[in-house]
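Laboratory data are not the source of any read-out in this text; all were calculated from the coordinates shown. On a predicted model such as this, the values are computed, not experimentally measured, just so you know. For neighbour counting, all protein chains shown are included, and Cβ atoms are generated from backbone atoms with ideal geometry for every residue, glycine included.
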């Protein structure tokens with residue numbers, strides 16, 4: 001597969017020739033399986049991940065830099081052979097330097113990995129749906145589905161609409177209105193379920209088992225999760241082929257931190273950067289922080305929680321990748337932090353006021369956690385820190401309605417402006 | 001107490017294709033032990049070496065995660081439904 005073949009010259013939604021998914025291996029017992037829409041090992045029920053040929057040809061930095069600016073520029077580390085047919089242009093979001101935020105954190109330098117402007121649905125879920133929908137296509141699964149806290153619903157609905165595939169989207173009944181509308185506009189079958197995300201997730205595990213659909217975060221999740229690695233790849237490339245010393249990322253199911261860890265290791269193994277792996281820091285809201293508590297305990301199992309936080313996109317009480325996220329954090333010398341709902345709102349405002357980037361509640365959690373980690377000495381004056389901002393603030397406006405000062409209302413008279421200027 | 005246990009398709013390979021089994025017991029643990037006596041190869045996929053729920057599955061008693069109600073010690077009543085789901089899902 002060459003770079004030129006990946007250019008967005010039109011999407012083939014009918015043929016699958018020349019495009020196949022990779023085989024799978026169980027992370028728990030090592031059993032191998034042919035490519036299939038299953039995320040579960042038949043032997044031990046452990047999680048499956050794609051198998052990459054260790055002898056495959058890998059591109060140089062210079063070769064990567066000639067390619068289209070999308071997540072597919074890293075296709076050698078994504079779980080397919082051949083040319084992807086769907087969703088060719090997500091990824092490669094801006095890495096924005098944030099000197100004022102660095103000053104507030106007391107670190108040497110800071111950047112925002114800004115997936116709040118991800119194409120097309122303004123969250124990092126465009127990355128994982130890009131790989132999942134191509135996996136569905138290789139397996140001939142025409143119906144795409146998901147269990148979602150909101151951002152994934154937006155992404156599955158949009159990517160499926162573009163591909164001309166029917167989508168079934170299952171969400172908790174009380175999601176933020178903007179996230180519901182940002183899904184419904186794409187005309188999927190949108191189903192609200194009485195219960196929490198964890199209830200929805202359990203239902204979708206049963207749906208995947210009974211309907212033969214491509215449920216992106218159930219039976220396609222071995223391929224779906226790989227898309228998140230591209231955030232790590234982009235950070236390395238956009239920093240000039242070097243690593244930051246620390247990365248702070250939000251945790252819901254724990255998959256993003258898990259895949260960031262894998263992505264940094266992939267690029268280190270390929271010799272694409274020479275530094276140590278960055279320390280990984282996970283952020284959760286204190287009203288739903290099972291992974292943070294596992295990191296703090298140091299060992300054991302995830303203890304599930306019933307979520308109670310306004311950070312709805314992080315409200316997963318029984319995180320499927322919690323254990324692997326905690327291992328990634330420990331392996332890199334990182335840590336995890338939980339912040340209150342009040343602090344996450346302050347985090348949204350801090351990020352906006354210092355960087356000009358408007359994030360959703362999950363980004364507020366990430367920013368507030370970074371501040372907490374800095375105050376507690378986990379981040380220091382020599383650190384170069386990347387904050388992974390995974391979603392857009394326009395999706396979660398409600399928590400800000402009463403948090404911002406009212407704007408003055410004046411007559412269209414210059415003296416009234418002068419009075420405001422004098423009072424400012 | 002008599003209840004029904006629903007299994008995911010991946011485990012029905014171990015029960016001669018049956019995905020819904022009748023079981024008896026006063027607790028979830030006793031009901032699980034009952035079906036593993038009849039289908040011994042199920043045991044390591046439902047119960048770990050320490051006698052706790054196997055970590056790659058989640059048990060729901062009438063839609064409630066049993067981890068919130070005592071795990072295998074959760075009491076069951078006649079007519080209850082115990083659903084076993086793969087834990088590798090979501091996020």
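Quick notes on this structure:
- Taking all Cα pairs closer than 8 Å and separated by 6 or more residues, the relative contact order of the stretch B:2-86 comes to 39 percent.
- Cα shape, the stretch A:125-224, gyration tensor, a/c 1.5 rule: oblate
- FRET efficiency for the pair residue A:68 and residue B:20, taken as 1/(1 + (r/R0)^6) with r the Cβ-Cβ distance and R0 = 35 Å, rounds to 0.10.
- Over chain A, dividing the summed -39,500 (n - 2.57) contributions of all DSSP H runs of at least 4 residues by the number of residues returns a 222 nm mean residue ellipticity of -10500 deg cm²/dmol.
- Per-residue Cβ neighbour counts within 10 Å put A:344, A:260, A:323, A:371 in the sequence A:323, A:371, A:260, A:344, beginning with the fewest.
- When A:199, A:321 are sorted by how many other C-beta atoms sit within 10 angstrom of their C-beta, beginning with the fewest, the order is A:199, A:321.
- Cα gyration tensor shape for the stretch A:242-376, rounded if a/c is under 1.5, else prolate or oblate: oblate
- MRE, 222 nm, helices only [DSSP H, n ≥ 4, -39500 (n - 2.57), over chain B, to nearest 500]: -5000 deg cm²/dmol
- Using C-alpha pairs below 8 Å separated by at least 6 residues, the relative contact order for the stretch A:161-207 is 45 percent.
- Distance between modelled label sites at residue A:299 and residue A:191, nm, 7 Å Cα→Cβ extension: 4.2 nm
- Relative exposure of A:207, A:218, judged by other C-beta atoms within 10 Å (fewest first): A:207, A:218
- Solvent-free Debye scattering, log10 I(q)/I(0), computed from the Cα coordinates of the stretch A:12-74 at q = 0.15, 0.18, 0.23, 0.26 Å⁻¹: -0.69, -0.85, -0.97, -1.02
- The stretch B:2-86: C-alpha gyration tensor shape, a/c 1.5 cut-off, then a/b vs b/c: rounded
- Rough spin-label spacing in nm, given labels placed 7 Å along Cα→Cβ, for residue A:108 and residue A:376: 2.4 nm
- Degrees separating the helix A:255-269 axis from the principal Cα axis of chain A, which is the longest one: 70 degrees
- Computing FRET efficiency as 1/(1 + (r/R0)^6) for residue A:142 and residue A:23, where r is the C-beta to C-beta distance and R0 is 30 Å, gives about 0.85.
- Taking chain A and dividing mean pair separation by its residue count, relative contact order in percent (alpha carbons under 8 Å, at least six apart): 16 percent
- Between residue A:268 and residue A:34, the distance separating the two model label sites (each 7 Å from Cα on the Cα→Cβ line) works out to 3.7 nm.
- Reduced Cα scattering model of the protein assembly as shown, Debye log10 I(q)/I(0), q = 0.08, 0.13 Å⁻¹: -0.50, -1.26
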